[in-house]
Every structure is written in C-alpha cells, then in structure tokens.
Amino acid sequence: MAGVVTATFEKDDNVTVNLTNPHSMQLFVLNADPTVGADVHFLNTGVPHAVAFLDKLEGLDISRLGAYLRYHEAFSPKGTNANFARILSPGHIAIRTYERGVEDETLACGTGMTACALLHAVLTDAPSPIQVDVAGGDTLKVGFQRTGDRFTDVTLTGPADLVFTGDIQI
C-alpha cells in the first residue's frame, strides 16, 4: 500500500532506500498540545506519522505520550505513529518513536525518521540531507528534493544488519 520501495547497497556497508513521495502534510494539527507540551504536525511517508519537536527527549514517557497521539481524535479512525524529535543542530535531529501495531517505543522507524526530517526541513528550512539519531544508537541520513512543501526523491541511508534467514514452504 505504501508503493514500490527499492534499495541500493553502498560500498561502506550502508543501504540507501528510495521511499515513496510523502503526502498529506498538516502543520500544527494540535497547536501547543498541553499533554505533549508542543505543537504536533502530521506527514504520511507511506504510513501516517504525528511529530512533535521538543526541547529534550530524555525521560519522556514514550509509551504514554505515544499512545495519547496514536489514538487522538485528530488522527482517527486509523490512528498514527507518534514521533518525538529534538533539534541537535541545523540539519541534525534526534528522535524517539512510538509505532502503532507494536503499541510501544521502537529503536528505529524508517518512515518515522523520514517524517521528522522532512518536517524539520519545512519548519527550519534545513537543506538535504538531514541527519537523524535514533534510539537504537545509529545515525541515518534522509535525503530529498524540495519544492515548497512538496518532497520528491526521498531517500534514507544508514546501516543495515542481517537479522535472520529462513525458508518458507508454500
């Protein structure tokens, strides 16, 4: 449903994934939300993502705040993933993500990194690529072409590790 996603293996053991074009951007969906303590924005990068930029990420109750946004009426009926981002420097952010389906914090989310990076670009005019630090400890790069609030040629580059192999009999 998210479209065709392709990947290229780089010489430095990184992988670049070409993502589908994001859509349905909404800035300030929740203006200065008192529970989150910040404005909340929205972008669909293949799956829906709510994003709040905060002054700090340490000590946040991601399970509680993420569930609050995931089930908020502004994102009903299907709900949304919830991302909490902090600007480290121009073009460099850190994020923590609550994923629907998992219903808790995950160490990394490719579409969430992308949503946070693209909204950072819109809100601060940061150029491509944007560096994104994730809870799992890696730093990835989100590349893009931007015309106003529209993005094309969106890529995500970072390390990829073989987790398992298996056989399926059909």
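The values are calculated or read from the model by the stated rules, or taken from the named source; none is laboratory data. Since the model is a prediction, treat every value here as computed from it, not as a measurement. Virtual Cβ from ideal backbone geometry, glycine too; neighbours counted across all protein chains shown. These accessible areas exclude ligands, DNA and RNA; they are computed on the full protein's heavy atoms, side chains included. Shrake-Rupley method; radii C 1.70, N 1.55, O 1.52, S 1.80 Å.
Before moving on, here are some points about what is shown:
- When the charge dipole of segment 93-154 is built from unit charges on Cβ atoms (+1 for Lys and Arg, -1 for Asp and Glu) and taken about the Cα centre, the candidate among Thr147, Ala117, Val132 whose Cα reaches farthest toward its positive end is Thr147.
- With 0.36 nm allotted per residue and the present C-alpha distance subtracted, the Ser63-Val5 stretch has 18.0 nm of extension available.
- 13 Å tail of the calculated P(r), segment 1-56, as % of Cα pairs: 68 percent
- Proximity of backbone amide H atoms, modeled 1.01 Å from N, is registered between Met25 and Asn44 at under 5 Å, excluding neighbours fewer than 5 places apart on the same chain.
- Between the amide H of Leu30 and those of Val40, distances stay under 5 Å, these residues lying 5 or more places away or on another chain, with hydrogens modeled in the peptide plane.
- Fully extended contour minus Cα-Cα distance, from Ser24 to Thr139, at 0.36 nm per residue: 38.8 nm
- Using θ = phi - 60° and Karplus 6.51 cos²θ - 1.76 cosθ + 1.60, couplings along segment 154-166 (whole Hz; Gly, Pro as x): 7, 10, 10, 10, x, x, 9, 10, 5, 9, 6, 10, x
- The charge dipole of the chain, taken about the Cα centre with unit charges on the Cβ atoms of Lys, Arg (+1) and Asp, Glu (-1), comes to about 380 debye, rounded to the nearest 20.
- Separation of the Asp55 and Ala74 label points, Cα + 7 Å toward Cβ, nm: 2.0 nm
- Sequentially through segment 145-150, phi angles give Karplus couplings (6.51, -1.76, 1.60; θ = phi - 60°) of 10, 10, 10, x, 9, 9 Hz, Gly and Pro residues having no value and appearing as x.
- C-alpha long axis of helix 110-124 to longest principal axis of the chain, angle in °: 50 degrees
- Our summary gives segment 1-142 a relative contact order of 16 percent, counting only alpha carbon pairs under 8 angstrom and 6 or more residues apart.
- With DNA, RNA and ligands ignored, accessible area of Asp153 (1.4 Å probe; Å², nearest 10): 110 Å²
- When only alpha carbons are used to place a centre, segment 13-37 and segment 112-126 end up 7 Å from one another.
- Karplus (6.51, -1.76, 1.60) ³J(HN,Hα), θ = phi - 60°, over segment 30-36, in Hz, Gly and Pro reported as x: 10, 8, 6, 4, x, 6, 7
- Accessible area expressed per residue, the chain, with surrounding protein chains retained (probe 1.4 Å, Å²): 56 Å²
- Where trypsin sites (Lys or Arg not before Pro) in DSSP loops with at most 14 other Cβ within 10 Å are excluded, longest remaining stretch of the chain: 79-170
- Distance histogram for segment 81-134 (every C-alpha pair counted, 10 angstrom bins, percent rounded to whole numbers): 27, 54, 17, 2
- Stretchable slack from Leu162 to Asp13, in nm (0.36 nm times residue separation minus alpha-carbon distance): 52.5 nm
- Where the alpha-carbon atoms of the chain are placed on the principal axes, they occupy 47, 39, 30 Å, in descending order.
- Each label was represented as a point 7 Å from its Cα along the Cα-to-Cβ direction; for Leu88 and Ala32 these points are 3.0 nm apart.
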